[in-house]
Each structure stands twice: as structure tokens, then as C-alpha cells.
Amino acid sequence: MKPDCRITVRNTADLIAITPYLLGFHPSDCVVVIGTVGSAVHFAARHDLVAPDDVADATAPLIAAHEVEAVSVLGFGPPDPVDRTVRRFSDDLRRHGVRVLDRVRVTAGRWWSYDCTKPHCCPPDGNPVPSPHSPIAAAAVYQGQVALPNRKDLVAQVAGVEGEQREQMRALTAEICSRGSGPPEGIEWTGRLLVQLAEQRYSSGSTLTLKETALLGVLLADPVVFNFAVERTREEYWRVALWTEVTRRVEPIWVAPAAALLAYSAWRAELGPLARVALDRALLHNPAHRFSWALDRLIAAGVSHELVDELFEAVQAGPEDSR
């Protein structure tokens, strides 16, 4: 079962302490917008720092669509680009009716508030960033949340394997492709069985062999097999492990379907940062992959998988049951 990941923030220091765990990595040279409902964090979104001549983008209306009570804008990095980005984001959000609760800059281990001038709580030389061993960080770790040193480490979690394992996968994939997989009905039947085998293995703590992984990667290119895997996906963490390993192992030409399934599994498991980097890899290898393209827009718009499930259930129920 999914642990209770509800995080309660009481002040700005708590918000800074929890931010790396909301993103999955320690932010740098970026702005993070955190939406809250009451004292509970609802979402966290990262954006690169903007250049002086950058034009406004569509981020503010997407954040407004979340319908949170308020947002906090945290800038990480050098003063000038952070000041510029925090102010622009705050102005854009307010124009779209979003209440901006806190605006903070974090630079070189200290933080400053843009809105508080009281020296007893916001001194001119700033406050020290909370320790990584603070109570709120410890609570996040206890719940199973991880904060990697930086975003590159998160991207590395979905990067392709190298060395001897890559050579083995290359040879196995070439062998599978050279002999073919038979008629379409044979591909679909074999693919379904292999998806079910993978589910049995990973749900019990085991894995696929390299040869099985190579075959699964090739068969996922068939839309029927891919859709079969999508329709079976639920909020189970072992599915994230399954599709992470397949994504990392398969040859680049077969990455997109596996990475899309990883992104979908991570999205359903509320592992947003992992879903984001997995989608980036899927679209890098196949920019025209329709499922990845659609999921990319759902995530960018802040649509939850629960909302999509409810819509699908309503469509299945038909007009008579939706009156």
C-alpha cells in the first residue's frame, strides 16, 4: 500500500526543508513553486531560472488550474537571476488569481524572505537553511521519500545500462530481430504472456533475464501489447521497479514504450519527478510516441491519475448511469 505522504509545513524553514523530498532531488539554479491547501503541500513544480529577455510562458495558468489556496515561490541560486525569476513568477501568478503566500531566495546555505523585514525572524544576513537532519526531513525519509543530490542523479536512474550488460542486450536484441516474432497474433499472445510473467517476477521480488527483457522491449512496440501493459497498471511500487529496469536495459530504438510505461507507473504512484524524467527519455527517443505525448500534457497541466480514472469510469458507465 502507498504510505501516507501528507506533509505538514508550519513555517518557511519547514517548506525549505521539505522541498528536496517533494522534488526527489536537491534543487539548484531554479525556482520551485509549491502549492498548499491549508498546511498541507498539494504539489511542487520546478522551473529553470529565466534570462533578462525571456518572455512569459504558460506556467502560471497551469499552476492556477490546480485550484490551491496559496503558493510559495522559492528561488535557489545566485541573487540576481533568482530575484528576477521569483518576481516574474510571482507577478504572473497573481495576474492569474493565485495567492502568493511566501517568496524566498536560497543562496549558499542561507535563505531570505522577500516579504518579511522583521529583523528578529528575517535578519538582513538571512537565516541558515534547515539541516538535512531536521525533524521534517526525517519525517519525509521515514515515509520513504528520497532527495538525491541533484536532478542529474534522478536522470541517471533511468539512463541506459552500459558495459558488458549493454553488449549482451545489443546481441540478444539483434538475435530476436533477425529471426522475427511471427504473425501479429503470435506477437500479441507472446507479448501478453511476457507482460504477465514480468508482473509475477517483480511483484515477488525477482526480475526478468536479459533475454526476456530484450524480447519484452521489442514486443512493447506492438500497440496491442503496449495497451495491455498500460491497462494493467495500478499504484504498485514494484511496477516502477519493473519498468525502470526494462527502460534501462533495452536498446535505444525500443526505449520509448518502456519509458512511457515507467512514466505512467510513476505518475500513478505519485512519483512526479521520476515520471517527468522518464517521459523526457521516451520523447527523446521517439518524439512522436502518442501515449508519451498525451501523458506529458496531462502532467504539465497538473491532472491527477484519479481524475483520469474517474473520467474513464464515467465513459464506461454510459449516459444512463451518469444522469
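Things to note:
Residue-by-condition table, conditions (1) hydrophobic (A, V, I, L, M, F, W, C); (2) surrounded by fewer than 19 Cβ atoms within 10 Å (Cβ to Cβ); (3) touching a residue at least 12 places away in the same chain (Cβ under 8 Å); (4) in contact with a helix residue (DSSP H, G or I) (Cβ under 9 Å, 6 or more places away or on another chain):
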| residue | (1), (2), (3), (4) |
| --- | --- |
| V224 | yes, yes, yes, yes |
| V246 | yes, no, yes, yes |
| A278 | yes, no, yes, yes |
| W293 | yes, yes, no, yes |
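- Residue satisfying condition, being touching a residue at least 12 places away in the same chain (Cβ under 8 Å) and acidic (D, E), within set D53, D48: D48
- Check on D83, acidic (D, E) and either outside any helix (DSSP H, G or I) or touching a Ser or Thr at 6+ places or on another chain (Cβ under 8 Å) (or both): no
- Residue within region 13-27 that is surrounded by fewer than 21 Cβ atoms within 10 Å (Cβ to Cβ), out of contact with any strand residue (DSSP E or B) (no Cβ under 9 Å at 6 or more places or on another chain) and at pLDDT 85 or above present: no
- When restricted to residues that are out of contact with any Asp or Glu (no Cβ under 9 Å at 6 or more places or on another chain) and either of a type in the set (S, T, N, Q) or within 23 Å of E236 (Cβ to Cβ) (or both), region 281-295 contains 6.
- Residue check, G205 in contact with an Asp or Glu (Cβ under 7 Å, 6 or more places away or on another chain) and under 16 Å from V246 (Cα atoms): no
- Against the list (1) in a helix (DSSP H, G or I); (2) within 24 Å of the chain's Cα centre (by Cα); (3) at pLDDT 90 or above, the condition D91 fails is (2).
Residue-by-condition table, conditions (1) among the β-branched types (V, I, T); (2) within 18 Å of L154 (Cβ to Cβ); (3) within 16 Å of the chain's Cα centre (by Cα); (4) not in a helix (DSSP H, G or I):
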| site | (1), (2), (3), (4) |
| --- | --- |
| A229 | no, no, no, no |
| T233 | yes, no, no, yes |
| A241 | no, yes, yes, no |
| T247 | yes, yes, yes, no |
| A260 | no, yes, yes, no |
| A263 | no, yes, yes, no |
| A275 | no, yes, yes, no |
| D280 | no, yes, yes, no |
| W293 | no, no, yes, no |
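The values are calculated or read from the model by the stated rules, or taken from the named source; none is laboratory data. Bear in mind that the values here come from a model prediction, so they are computed numbers and not experimental data. All Cβ positions, glycine included, derive from the backbone under ideal geometry; neighbour counts span all protein chains shown.
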